[in-house]
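Encoded as structure tokens, the structure appears first; notes follow it.
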There are 2 protein chains.
Amino acid sequence: MKNIKIIQVGMGPLGTKIAEFIKNREGLTTVAAIDKNPDLVGKSLKELNEVLSDDIKISDDLVEAVQHRKPDVAVLTTVSDMERITAQVQEIVSLGIPVVSTCEELSYPWNNACHLAQQIDESAKSNKVAVVGTGVNPGFLMDSLPTFLTSVCQNVKSILVNRYQDAQYRRLPFQKKIGAGLTLEEFNKRKQEGSLRHVGLTESMQLIANRLGWELDNTEDIIDPVIAENEIVTPAMIIPKGNATGVKQVGKAYINGEAKITLVFQASVSETESFDEILIKGDPEIRSKIIGGVNGDIATCAITINTISQVLNARPGLRTMADIPLVSYYENRN
Amino acid sequence: MKNIKIIQVGMGPLGTKIAEFIKNREGLTTVAAIDKNPDLVGKSLKELNEVLSDDIKISDDLVEAVQHRKPDVAVLTTVSDMERITAQVQEIVSLGIPVVSTCEELSYPWNNACHLAQQIDESAKSNKVAVVGTGVNPGFLMDSLPTFLTSVCQNVKSILVNRYQDAQYRRLPFQKKIGAGLTLEEFNKRKQEGSLRHVGLTESMQLIANRLGWELDNTEDIIDPVIAENEIVTPAMIIPKGNATGVKQVGKAYINGEAKITLVFQASVSETESFDEILIKGDPEIRSKIIGGVNGDIATCAITINTISQVLNARPGLRTMADIPLVSYYENRN
């Protein structure tokens with residue numbers, strides 16, 4: 001495979017980390033970087049992360065960057081919602097560049113944002129490139145991985161995915177992000193603001209249902225606090241009994257009143273174990289567990305980079321992780 | 001999706017079981033059955049398995065069956081080796097019919113039978129159909145599943161897959177098949193005859209290496225007895241200390257003297273647990289375990305049937321489980 005040239009669109013923390021990871025991969029090169037943030041435009045990548053190139057300056061001019069740097073693919077790491085990502089994707093594909101994006105809602109937008117999904121699909125097809133939304137979750141652990149595991153089943157009655165994360169030794173900002181230490185009143189306020197919500201459970205359920213041929217009647221996505229049963233002492237904080245130690249978000253997808261898909265995403269400082277578990281009720285029954293879980297920070301960057309070579313192989317249009325050829329780590333030696 | 005019409009080529013125990021499983025799946029119909037065995041030709045499927053159709057008679061005339069029954073896809077369950085399967089695949093694709101086969105060596109023939117693989121690939125491309133070799137092992141547990149798990153890794157140093165099967169409560173023929181109860185002399189005789197060998201470890205390693213961009217220096221595939229450390233009493237037999245309780249087959253794939261891929265397939269009546277485990281050394285490290293393992297009898301039939309809809313979506317040519325869109329269970333309702 002020839003060297004793959006990448007344009008990084010979105011130079012926030014995730015885009016910067018992806019550029020750093022690409023630096024360590026053979027056969028992949030970041031050739032240009034785009035961000036609309038005036039504070040970033042004109043800065044070199046090295047100013048954001050010292051291992052990165054001093055020669056590449058962040059630009060806000062996509063057209064000019066594409067013309068001069070001739071990237072093979074864009075990695076788009078800007079926003080999480082279809083409303084805002086659609087125009088960004090369309091601008092890139094109109095230049096004949098395929099897109100791998102970490103936009104959560106783009107991982108399966110065919111139900112919740114069908115009209116926008118169609119717009120992207122049509123633009124991508126008419127420009128003969130593929131677009132795919134990926135990530136570790138949504139994108140892998142709670143959707144394409146359980147989908148692939150059903151391939152050994154003659155019958156599937158229901159799917160349960162449990163992603164539990166022991167946040168006790170994670171960075172303090174992560175602990176705060178999941179609401180650890182908040183009173184229930186504070187927790188509910190943050191929940192109302194939407195800042196506790198993990199985006200993607202519904203998309204993950206819809207991806208699974210689509211692949212399995214299940215027509216869902218409805219889905220739900222419910223956020224609750226994990227409550228300290230006793231005082232919890234972590235290296236970073238002391239949490240009184242009754243306060244939140246973290247968040248539990250449960251997605252359920254129903255057919256005829258029966259929960260066919262249940263996704264549980266729980267992150268708190270009071271977990272005893274981190275793991276990613278998939279339970280498939282069916283014939284045969286499958287119980288798969290990733291012991292220790294998957295580190296989301298590394299994995300999100302890695303799967304985005306690993307998807308690059310397959311988006312180049314995929315059929316034009318808006319694709320999902322379940323309809324492009326199998327993604328994997330790869331060493332792209334010449 | 002419209003109803004998919006299947007021609008079953010090979011009506012041995014596996015082909016018959018697959019036809020039975022297809023009977024229980026919506027949107028899939030066996031429309032014809034082929035076998036060259038004179039003892040089977042002319043029999044109805046019902047004579048082989050009472051849930052099957054009395055109207056479909058086993059024929060040895062593929063061309064006639066295809067003309068009259070117009071199948072969308074062939075399920076080929078005849079032999080395990082490329083030497084014999086190649087002409088069979090070519091005959092089917094020459095009629096414009098895509099092929100899903102359980103032929104173990106077909107799962108990744110590009111190293112060990114490159115010339116035959118090219119012949120199949122060219123025939124399939126010129127007839128605009130896809131051909132894929134599948135199964136639970138090779139095809140899934142030791143190759144495409146670990147390959148997919150690496151998609152969350154920024155770096156992979158090595159892969160170890162352990163498939164352990166507690167054969168204590170399996171049927172007596174299975175226990176005999178794995179050499180349980182044999183003296184070491186008898187075991188070695190069976191090993192020399194080749195009747196203990198699981199076909200596919202090398203193909204699985206080559207599939208992984210191909211997807212990860214690893215150029216292997218060499219592979220090995222070694223069979224040893226699992227030896228009773230004490231007298232073993234099972235519901236079916238008593239095994240004296242020192243005799244074989246089953247078989248251990250280890251495949252290793254090397255680069256620069258380092259084992260990059262290790263596949264361990266162990267089935268004995270002295271295991272304490274059945275499981276399928278994948279260990280990926282890398283960043284992050286992944287340890288995945290299917291607790292209780294995957295029942296190979298059901299799973300092989302199921303994955304073959306589940307691959308049908310994706311071989312219809314795949315690009316023409318000889319494909320692998322890692323380069324067709326993600327296989328899954330599906331309900332094909334109209």
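Table for the structure above
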{"item": "Qualifying residue in the range B:269-283 (condition: among the charged types (D, E, K, R), touching a helix residue (DSSP H, G or I) at 6+ places or on another chain (Cβ under 7 Å) and under 29 Å from A:ARG163 (Cα atoms))", "result": "yes"}
{"item": "Answer residue from the range A:255-286, given it is within 18 Å of A:LEU212 (Cβ to Cβ) and touching a Leu at 6+ places or on another chain (Cβ under 7 Å) and is nearest to the other protein chains (Cβ to nearest Cβ) among those", "result": "A:ILE286"}
{"item": "A:VAL51 vs. criteria aliphatic (A, V, I, L, M), touching a helix residue (DSSP H, G or I) at 6+ places or on another chain (Cβ under 9 Å) and not in a helix (DSSP H, G or I)", "result": "yes"}
{"item": "Entirely in the range A:103-179, the helices (runs of 4 or more DSSP H) that have 3 or more residues that are among the small types (Gly, Ala, Ser)", "result": "A:114-126"}
{"item": "Selection within the range B:59-98 - over 17 Å from the mean Cα position of the chain (by Cα), within 27 Å of B:VAL136 (Cα to Cα) and assigned to a loop (DSSP other than H, G, I, E, B)", "result": "B:PRO71, B:ASP72, B:GLY96, B:ILE97, B:PRO98"}
{"item": "Every pair of residues 6+ apart whose Cβ atoms lie under 6 Å, when the first sits in the range B:209-234 and is at pLDDT 95 or above while the second is of a type in the set (Asp, Glu)", "result": "B:GLY213/A:GLU331"}
{"item": "Candidates A:ILE298, A:ILE303, A:ILE308 - the one that is crowded, with 18+ Cβ neighbours inside 10 Å, more than 8 Å from chain B (Cβ to nearest Cβ) and among the aliphatic types (A, V, I, L, M)", "result": "A:ILE308"}
{"item": "Residues that are assigned to a strand (DSSP E or B) and touching a residue at least 60 places away in the same chain (Cβ under 8 Å), drawn from the range A:22-48", "result": "A:LEU28"}
{"item": "Among the residues listed as B:LEU207, B:LEU279, B:LEU196, the single one being of a type in the set (A, V, I, L, M, F, W, C), assigned to a loop (DSSP other than H, G, I, E, B) and in the same structural domain as B:TYR164 (by TED's automatic domain parsing)", "result": "B:LEU196"}
{"item": "Any hit, the range A:14-25, residues being assigned by TED's automatic domain parsing to the domain that holds A:VAL100, out of contact with any Leu (no Cβ under 7 Å at 6 or more places or on another chain) and either closer than 23 Å to A:SER123 by Cβ or buried (at least 23 other Cβ atoms within 10 Å of the Cβ) (or both)", "result": "yes"}
{"item": "Selection count, the range A:238-265, where residues are buried (at least 16 other Cβ atoms within 10 Å of the Cβ) and either under 20 Å from A:ARG190 (Cα atoms) or basic (Lys, Arg) (or both)", "result": "14"}
{"item": "Output for the range A:280-312, where each listed residue is polar (S, T, N, Q) and over 16 Å from the mean Cα position of the chain (by Cα)", "result": "A:SER288, A:SER309, A:GLN310"}
{"item": "Pick from the range B:314-334, criterion at the interface with another protein chain (Cβ under 8 Å from one of its Cβ atoms) and surrounded by fewer than 18 Cβ atoms within 10 Å (Cβ to Cβ), ranking: nearest to A:GLU285 (Cα to Cα)", "result": "B:GLU331"}
{"item": "Residues being facing chain B (nearest Cβ under 7 Å) and aromatic (Phe, Trp, Tyr) - total across the range A:137-164", "result": "2"}
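Condition check ((1) within 14 Å of chain B (Cβ to nearest Cβ); (2) touching a residue at least 60 places away in the same chain (Cβ under 8 Å); (3) crowded, with 18+ Cβ neighbours inside 10 Å; (4) not hydroxyl-bearing (Ser, Thr, Tyr)) across all residues:
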residue: A:ALA180; (1), (2), (3), (4): no, yes, yes, yes
residue: A:GLU193; (1), (2), (3), (4): no, no, no, yes
residue: A:LEU196; (1), (2), (3), (4): no, no, yes, yes
residue: A:THR202; (1), (2), (3), (4): no, yes, yes, no
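The values are calculated or read from the model by the stated rules, or taken from the named source; none is laboratory data. Please read all numbers here as calculations on a predicted model, not as lab measurements. In this analysis, Cβ positions are derived from the backbone assuming ideal geometry, glycine residues included, and neighbour counts consider all displayed protein chains.
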